[in-house]
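Engineer: Quick one: structure below, then a few questions.
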Amino acid sequence: MEKLVITGGTPLKGEVTISGAKNAAVAILPATLLINGTCTIENLPNINDVKLYCEILEKIGAKITWITRNEIKIDTTNVCCTKAPLDITRKFRASYYLIGSMLGRCKDVQVSLPGGCNLGARPIDQHIKGFEALGANVVVNQGNITATAKKLTGTSIYMDVVSVGATINVMLASVLAEGTTIIDNAAKEPHIVDVANFLNTMGADIRGAGTDMIKINGVKELRGGASYSIVPDQIEAGTFMLSAMATKGDITIKNCITKHLESVTAKIIEMGGLVEEDGDTIRVKCTKRPNRANIKTLPYPGFPTDLQPQIGVVLSLADGTSTINESIWESRFQYTQELVKMGAKITAQGKSAFFEGVKSLSGAPVCSTDLRAGAALIIAGIAANGKTEVYNIEHIDRGYEDIEGKFRKLGAKIERVNE
Ligand code: UD1
């Protein structure tokens with residue numbers, strides 16, 4: 001077991017380059033199963049969720065060649081197995097994309113119910129509703145899901161809740177279906193557009209991704225043979241933007257899409273930070289104690305729930321009292337108990353948390369309760385006075401590439417050591 005040891009009190013300064021988007025990567029990897037041939041994926045983040053996905057794909061017959069640490073060639077010609085390795089699929093949430101992609105490819109799939117971060121109830125009823133509307137028979141039994149179909153036929157599907165996972169999964173299942181599928185009340189996150197762009201590059205006919213109505217005209221096959229570069233990670237970029245605010249730093253974030261970060265930029269300006277945008281670069285500078293602010297998490301283009309813990313650190317240190325209203329996940333305030341150990345004054349009640357800003361935090365041993373909570377605790381440790389030890393960092397390694405290396409380059413005193 002490893003932990004991160006941070007000696008805090010350093011304002012972060014310098015340049016950082018953003019990796020490919022985790023949430024796009026974990027959808028594009030299973031999407032390769034719809035191709036009967038090869039493709040090359042570039043700007044693939046080198047993170048544990050990607051390695052796990054590659055392991056699953058290899059176990060069911062895909063051939064993967066690592067060209068660099070961020071680029072793979074994948075040949076799915078010989079994929080024949082319909083049963084995903086249940087011990088691995090149980091480990092992370094995004095394994096649910098195997099249902100849509102393998103249903104699309106083989107019309108037959110078995111996976112275990114997805115695990116992942118503990119953020120409260122994580123139903124997949126909208127995924128199942130979509131698969132059934134396309135003609136699949138879906139059975140949930142003893143923690144596993146089996147989906148089978150004689151054939152999949154395009155239809156109109158209205159999503160009862162705006163769901164990233166259900167939108168992508170139904171898109172995957174309908175790419176090779178007969179006729180046209182319409183997903184109404186679709187999610188609009190950047191990685192939905194990225195998955196649609198990947199599939200279109202490989203030969204699919206998907207229109208409207210990024211709006212709330214996506215139209216998928218079924219095609220006979222995806223020819224593959226092309227290269228695709230994954231979009232920069234919106235959440236990683238936002239994590240570094242907020243770390244500049246928490247540490248009164250000055251960070252230039254390279255390789256990001258500024259449009260994807262508008263909700264974060266708006267809040268940073270409201271909190272008194274300075275933001276300069278230049279092409280695919282954002283500079284965030286903070287010269288004084290941040291102002292208080294209220295946050296409500298929402299589906300894109302609203303403020304992302306996956307940046308809620310990170311902005312929570314900034315609000316812990318802000319001048320005045322702030323509120324966060326979490327509207328996506330029912331249990332996303334576990335990190336606040338860890339920040340309280342560092343001297344933060346936070347009261348969390350149900351889906352709201354109240355932050356009475358303090359002038360400084362002090363280092364303490366803390367536990368990363370989930371992926372984004374882990375990133376928030378690193379930021380808190382860098383901003384705090386004294387030594388912080390962050391435990392359970394396996395959550396962080398699932399989704400951030402070389403996080404301590406990137407923070408160290410910005411001046412943080414951070415080391416990974418064996419417990
Ligand atoms: C994805 C992201 C996750 C992010 C979340 C919200 C991936 C791999 N993960 O998760 O990091 O926090 O989007 O931006 O991309 N819901 C239902 N029924 C369903 C599906 C979802 O009620 O069938 C509800 C959920 O309980 C939640 C909301 O819809 O309240 C949004 O969930 P969803 O967008 O599906 O999240 P994920 O795709 O799991």
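The values are calculated or read from the model by the stated rules, or taken from the named source; none is laboratory data. For clarity, every value in this text was computed on a predicted model and none was experimentally measured. Don't worry about glycine lacking a Cβ; one is built from the backbone with ideal geometry, like all the others, and counts go over all protein chains shown. Ligands, DNA and RNA are stripped out before the accessible areas are found, and what is left, the full protein with its side chains, is counted by its heavy atoms. Shrake-Rupley method; radii C 1.70, N 1.55, O 1.52, S 1.80 Å.
Engineer: In nm, what is the difference between 0.36 nm times the number of residues separating Met1 and Lys259 and their Cα-Cα distance?
Structural biologist: Length gained, Met1 through Lys259: 89.0 nm.
Engineer: Count the net charge of all other residues whose Cβ sits under 14 Å from the Cβ of Ser362, scoring Lys and Arg as +1 and Asp and Glu as -1.
Structural biologist: +2
Engineer: Starting from the coordinates of the alpha-carbon atoms of region 22-229, obtain the Kirkwood hydrodynamic radius over all distinct pairs and give the value in Å to one decimal.
Structural biologist: 16.5
Engineer: Still on this structure, please answer the following. Cα convex hull of the chain: how many Å³ per residue?
Structural biologist: Dividing the Cα hull volume of the chain by its residues yields 122 Å³.
Engineer: Quantify, in whole percent, the carbon and sulfur part of the accessible surface of the chain (1.4 Å probe; protein heavy atoms only).
Structural biologist: 48
Engineer: When Lys and Arg each count +1 and Asp and Glu each count -1, what net charge do the other residues less than 12 Å away from Ala209, Cβ to Cβ, add up to?
Structural biologist: Taking every other residue near Ala209 into account, the sum is -1.
Engineer: Could you tell me the calculated FRET efficiency between Val140 and Ile182, based on Cβ-Cβ distance and R0 = 30 angstrom, to the nearest 0.05?
Structural biologist: Efficiency at R0 = 30 Å is approximately 0.70.
Engineer: Give the Debye-formula value of log10 I(q)/I(0) at each listed q (0.11, 0.20 Å⁻¹), with one equal scatterer per alpha carbon of region 115-253, two decimals each.
Structural biologist: Taking Cα atoms of region 115-253 as identical point scatterers yields -0.50, -1.19.
Engineer: If you average the sequence gap of Cα pairs under 8 Å that are 6 or more apart and divide by the length of region 22-229, what percent do you get for the contact order?
Structural biologist: 21
Engineer: If ligands, DNA and RNA are left out, what is the accessible area of Leu222 with a 1.4 Å probe, given in Å² to the nearest 10?
Structural biologist: 0
Engineer: Ok, one more. In terms of Cα to Cα distance under 29 Å, which lysines are near enough to Lys150, apart from those fewer than 8 places away along the same chain?
Structural biologist: The qualifying lysines are Lys59, Lys63, Lys83, Lys107, Lys129, Lys215, Lys220.
Engineer: Starting from the 7 Å offset along Cα-to-Cβ, what nm value, one decimal, do you get for the label separation of Leu274 and Thr321?
Structural biologist: 3.2
Engineer: Between Gln337 and Val417, what is the label-to-label distance in nm when each label sits 7 Å out along the Cα-to-Cβ direction?
Structural biologist: The modelled label-to-label distance comes out at 2.6 nm.
Engineer: In the chain, if the dipole is taken from +1 on Lys/Arg beta carbons and -1 on Asp/Glu beta carbons about the Cα centre, which of Thr305, Ala293, Ile346 is farthest to the positive end?
Structural biologist: Ile346
Engineer: Projected onto the charge dipole of region 22-229 (+1 at Lys/Arg Cβ, -1 at Asp/Glu Cβ, origin at the Cα centre), which of Gly208, Gly225, Gln142 gives the Cα projection farthest towards the positive end?
Structural biologist: With unit charges placed on the Cβ atoms, the residue in question is Gln142.
Engineer: Using only DSSP helix segments of four residues or longer, with each worth -39500 (n - 2.57), what per-residue ellipticity at 222 nm results for the chain after dividing by its residue count and rounding to 500?
Structural biologist: About -9000 deg cm²/dmol.
Engineer: Follow-up. Among Pro190, Pro232, Pro123, determine the one that fluctuates most according to a GNM of the chain built with springs between C-alpha atoms less than 10 Å apart.
Structural biologist: Result: Pro123 has the largest fluctuation of those listed.
Engineer: Further, regarding this structure: Given H placed on each backbone N at 1.01 Å, which residues far from Asn385 in sequence or on other chains put an amide H within less than 5 Å of it?
Structural biologist: Those qualifying (amide H under 5 Å, at least 5 residues apart or on another chain) are Leu361, Ser362, Gly363.
Engineer: Please determine, in degrees from 0 to 90 and to the nearest 10, the orientation of helix 234-246 with respect to the longest principal axis defined by the Cα atoms of the chain, where the helix direction is its Cα long axis.
Structural biologist: The angle comes out near 0 degrees.
Engineer: Sticking with this one: Tabulate in residue order the Karplus-calculated ³J(HN,Hα) for region 373-389, using 6.51 cos²θ - 1.76 cosθ + 1.60 with θ = phi - 60°, rounded to whole Hz; enter x for Gly and Pro.
Structural biologist: 4, x, 4, 5, 5, 5, 4, 4, x, 5, 6, 6, 7, x, 9, 10, 10
Engineer: Another one. GNM, the chain, Cα, under 10 Å: largest mean-square fluctuation among Asn137, Asn197, Asn46?
Structural biologist: Asn137
Engineer: Where in region 326-419 are there trypsin sites (Lys or Arg not before Pro) that are in a DSSP coil and have at most 13 other Cβ atoms within 10 angstrom of their Cβ?
Structural biologist: Hits after loop and neighbour filter: Lys359.
Engineer: Mind checking the per residue accessible area of the chain for me, 1.4 Å probe, whole number of Å²?
Structural biologist: Per residue, the chain has 37 Å² of solvent-accessible surface.
Engineer: Which residue fluctuates most in the GNM of the chain (Cα springs below 10 Å): Met245, Met202, Met102?
Structural biologist: It is Met202.
Engineer: Moving to a separate point now. I need the phi-derived Karplus couplings for region 122-131: 6.51 cos²θ - 1.76 cosθ + 1.60, θ = phi - 60°, integer Hz, Gly and Pro marked x.
Structural biologist: 10, x, 10, 4, 6, 5, 4, 4, x, 4
Engineer: Please identify the GluC sites (Glu not before Pro) of region 310-407 that satisfy two criteria: DSSP loop assignment and at most 13 other Cβ atoms within 10 Å. Which are they?
Structural biologist: Loop-located and lightly packed - Glu330.
Engineer: Through the Karplus equation 6.51 cos²θ - 1.76 cosθ + 1.60, θ set to phi - 60°, convert the phi angles of region 284-297 into ³J(HN,Hα) values in whole Hz; use x for Gly and Pro.
Structural biologist: 10, 10, 9, 10, 9, 4, x, 6, 5, 7, 10, 10, 10, 7
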